[in-house]
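Working notes, structure below.
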Amino acid sequence: MVSSYRGYRAPQGMLSWALHRLTGLGVLLFLFLHIIDIFLVGYGPELFDELLFIYHHPAFVVGQLALIASVYYHAANGIRIIIVDFWSKGYKYESQLFYGAMAVFFLFFIPTAIIMLNALLNEL
Amino acid sequence: MSSNRVGREKPVGSNFELYSWYFFRISGIMLVFLAVIHVMVMHVFNTAFDIDYDFVAARWESPFWRMFDWLLLIMALTHGLNGARIAIDDYVQSAGWRVVGYSAILIALLIFGVMGTLAIVTFEPQ
């Protein structure tokens, strides 16, 4: 079944839409977890600092990279959507705007990922 | 609307969907700044290993960061749950399950909104 998709290239609009929804719902799920952990900060340093081992685990750091990639992609693609919505000539530059959004994404994500992986390596 | 456009069409005929459409874009622009600044402060200018109870306490000494975090909380929660609502509209066809889905969204809004607000507003360093 997968093989029937071989060589298929999703159109940009479809790809960016699917990624926008996937990253949006993913970040929402993390937001729930994040509200729970910050709620626990009210119970004092012992409990909160104890729980932080989760965020310092290498597997979770990789998860954070995926999370931050999602936030950056959703932000860059969201700006592209707003430009197409409100700029009357936007639809003529759809392809350029898509590549522009991806460029903005990589411009922010690559340095962030390098800094985060560096911090992890320093702790190991 | 022309078939040239790619985004979700600006809704007509329902005020709620129109406001939701505008709200997505306004909260989205705010979140570009709020969420990206938040990520950068936590993972670029500091690292995940600098963050602990004392870090949070020092940050929330400042009313500015409490206000910032609360605005981020409310915008992220409402923008995200509005997205979940649209996803339910797209994927859930049965009327009964839609009621279940919409209810879950309202309950999540209430519980996580209250939990987050309490955490930010009532925090006192020990």
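The values are calculated or read from the model by the stated rules, or taken from the named source; none is laboratory data. Here the structure is a predicted model, which means the values were calculated and not measured. Don't worry about glycine lacking a Cβ; one is built from the backbone with ideal geometry, like all the others, and counts go over all protein chains shown. Please note that ligands, DNA and RNA were not included when accessible areas were found on the heavy atoms of the full protein model with its side chains. Shrake-Rupley method; radii C 1.70, N 1.55, O 1.52, S 1.80 Å.
Measuring nothing but how far apart in sequence close Cα pairs (under 8 Å, 6+ apart) lie, relative to its length, chain A scores a relative contact order of 29 percent. A probe of 1.4 angstrom, applied to the heavy atoms of all protein chains, finds A:ILE110 with accessible area near 90 square angstrom. Take the convex hull of the alpha carbons in the protein assembly as shown; its mean projected area over all directions comes to 16.8 nm².
The A:PHE106 and B:VAL114 beta-carbon pair, evaluated with R₀ = 51 Å, returns a calculated FRET efficiency of approximately 0.85.
Quote the relative contact order of chain B in percent (integer), defining contacts as alpha-carbon pairs under 8 Å separated by 6+ residues.
25
With N set to the residue count of chain A, report its C-alpha Rg divided by 2.2 N^0.38 Å to two decimal places.
On the way: Rg = 18.6 Å, N = 124, 2.2 N^0.38 = 13.7 Å.
That works out to 1.35 for chain A.
About its Cα centre, the dipole of the protein assembly as shown is roughly 1480 debye, where the only charges are +1 on Lys and Arg Cβ and -1 on Asp and Glu Cβ.
Spin-label model, A:LEU33/B:ASP52: points 7 Å from Cα along the beta carbon direction are separated by 2.2 nm.
Counting only heavy atoms of the protein chains, get the accessible area per residue of segment A:12-123 (1.4 Å probe) and round it to a whole Å² value.
Numbers: 6080 Å² over 112 residues.
With all protein chains present, segment A:12-123 gives 54 Å² per residue.
When the accessible area of the protein assembly as shown is computed with all protein chains present and a 1.4 Å probe, what percentage of it is carbon and sulfur? Looking at the protein assembly as shown in its full context, I get 71 percent from C and S.
Span-like helix criteria (full DSSP H runs; alpha carbon extent of at least 18 Å along the helix axis; mean Kyte-Doolittle hydropathy of at least 1.6) are satisfied in chain B by B:95-122.
Contour minus end-to-end for A:ILE83 and A:SER4, with contour as 0.36 nm per residue of separation and end-to-end as the Cα-Cα distance? Walk me through the intermediate numbers first.
On the way: separation 79, 0.36 × 79 = 28.44 nm, distance 3.50 nm.
Gain on extension, A:ILE83 to A:SER4, equals 24.9 nm.
Using 18 Å as the cut-off for backbone N distance, which residues of segment A:102-124 belong to the label zone defined by a point 7 Å from the Cα of A:PHE60 along Cα→Cβ? Residues A:116-124 fall inside that zone. Using the alpha-carbon positions of chain B, Rg (one decimal) and Dmax (whole number) come out as 18.2, 59 Å.
A Förster radius of 41 Å, combined with the Cβ-Cβ distance separating B:MET67 from B:PHE16, puts the computed FRET efficiency at roughly 0.90.
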